[in-house]
1. May I ask you to list the residues in segment 94-103 that are in contact with a strand residue (DSSP E or B) (Cβ under 6 Å, 6 or more places away or on another chain) and either farther than 19 Å from residue 158 by Cβ or loosely packed, with under 15 Cβ neighbours inside 10 Å (or both)?
2. Does any residue in segment 106-120 that is farther than 30 Å from residue 63 by Cβ come within less than 9 Å, Cβ to Cβ, of a residue that is assigned to a loop (DSSP other than H, G, I, E, B) and modelled with pLDDT of 95 or more six or more places away or on a different chain, and which pairs are these?
3. If residue 66 passes every condition in (1) surrounded by fewer than 20 Cβ atoms within 10 Å (Cβ to Cβ); (2) touching a residue at least 24 places away in the same chain (Cβ under 8 Å) but one, which one does it miss?
4. Mind checking whether some residue in segment 113-132 is exposed (fewer than 13 other Cβ atoms within 10 Å of the Cβ) and more than 30 Å from residue 72 (Cβ to Cβ)?
5. Please specify each residue of segment 147-166 satisfying the condition of being part of a loop (DSSP other than H, G, I, E, B) and touching a residue at least 60 places away in the same chain (Cβ under 8 Å).
6. Tally up the residues in segment 152-167 that are at pLDDT 95 or above and buried (at least 18 other Cβ atoms within 10 Å of the Cβ), please.
7. Out of the residues in segment 216-241 that are part of a loop (DSSP other than H, G, I, E, B) and within 16 Å of residue 59 (Cα to Cα), which is modelled with the lowest pLDDT?
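The values are calculated or read from the model by the stated rules, or taken from the named source; none is laboratory data. These numbers come from a predicted model, not from an experiment. Here the Cβ positions follow ideal geometry from the backbone for every residue, glycine too, while neighbour counts run over all protein chains shown.
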């Protein structure tokens with residue numbers, strides 16, 4: 001049998017009471033305090049898509065030209081094609097085109113048949129692409145190529161914009177402004193105020209793609225690059241006040 005003093009028994013009872021009080025919602029340990037979480041109610045939002053379109057003028061022309069020769073033998077056809085291509089290259093360089101802006105883009109040699117398998121001759125070609133960086137010289141370049149002679153062939157021209165960044169930047173600004181104007185109108189129709197931007201997502205981008213045409217060499221000043229459109233669409237989510 002275990003005996004204890006009255007004071008010791010009282011201490012045990014007090015300790016047990018504090019323990020039970022903690023379990024029943026009375027005084028509890030510090031780390032058992034209930035935590036509080038505040039969830040902010042989401043504000044209403046509006047989603048709009050803005051569009052921006054910018055028109056720009058191409059400033060580069062790629063002339064797709066070359067030479068074509070037909071001769072009785074393969075060696076003669078190939079040699080004469082190479083000679084004609086060299087003459088074409090010299091004529092293009094004489095207009096001021098830089099050597100690095102000339103590129104050989106085709107080189108072929110093939111038999112031609114009177115009635116298969118009888119060969120009637122050989123056809124040799126060599127293509128030359130010339131990059132014209134000053135469109136004021138475009139007609140001069142075309143005329144210089146044509147002056148080389150009957151071996152010259154023209155396969156068309158392609159117009160490009162050398163720097164896409166500037167028109168694309170303007171198109172993005174226009175698209176974002178369009179989105180803001182639309183969102184403002186809808187907010188006013190709903191008798192609300194337009195709040196902060198919550199999300200921005202670029203949807204579609206159409207850069208000024210190269211456009212192929214054909215060079216008309218009968219008249220002076222016949223080369224025209226026209227204009228190209230750059231378009232951007234953007235989705236913007238606004239908070240409504």
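1. Here is the first cut: in segment 94-103, the ones in contact with a strand residue (DSSP E or B) (Cβ under 6 Å, 6 or more places away or on another chain) are 97, 101-103.
Of everything in segment 94-103, just one residue is in contact with a strand residue (DSSP E or B) (Cβ under 6 Å, 6 or more places away or on another chain) and either farther than 19 Å from residue 158 by Cβ or loosely packed, with under 15 Cβ neighbours inside 10 Å (or both), namely 103.
2. Here the result reads 120/72, each pair linking segment 106-120 to a residue that is assigned to a loop (DSSP other than H, G, I, E, B) and modelled with pLDDT of 95 or more.
3. (1)
4. From segment 113-132, those exposed (fewer than 13 other Cβ atoms within 10 Å of the Cβ) are 113-118, 120; that's our starting set.
Next, from what is left, pick out any that are more than 30 Å from residue 72 (Cβ to Cβ): none.
Checked against the condition, which is being exposed (fewer than 13 other Cβ atoms within 10 Å of the Cβ) and more than 30 Å from residue 72 (Cβ to Cβ), segment 113-132 yields no hits at all.
5. Correct list: 148, 149, 151, 161, 162, 164.
6. 1
7. Of segment 216-241, the ones part of a loop (DSSP other than H, G, I, E, B) are 216-227, 241.
When the remaining residues are screened for being within 16 Å of residue 59 (Cα to Cα), the result is 221-227.
Values: 221: 61, 222: 73, 223: 82, 224: 85, 225: 88, 226: 86, 227: 88.
Result: 221.
Matching residues to (1) out of contact with any strand residue (DSSP E or B) (no Cβ under 7 Å at 6 or more places or on another chain); (2) outside any strand (DSSP E or B):
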site	(1), (2)
120	no, no
123	no, no
126	no, no
130	no, no
140	yes, yes
145	no, yes
168	no, yes
182	no, yes
202	no, no
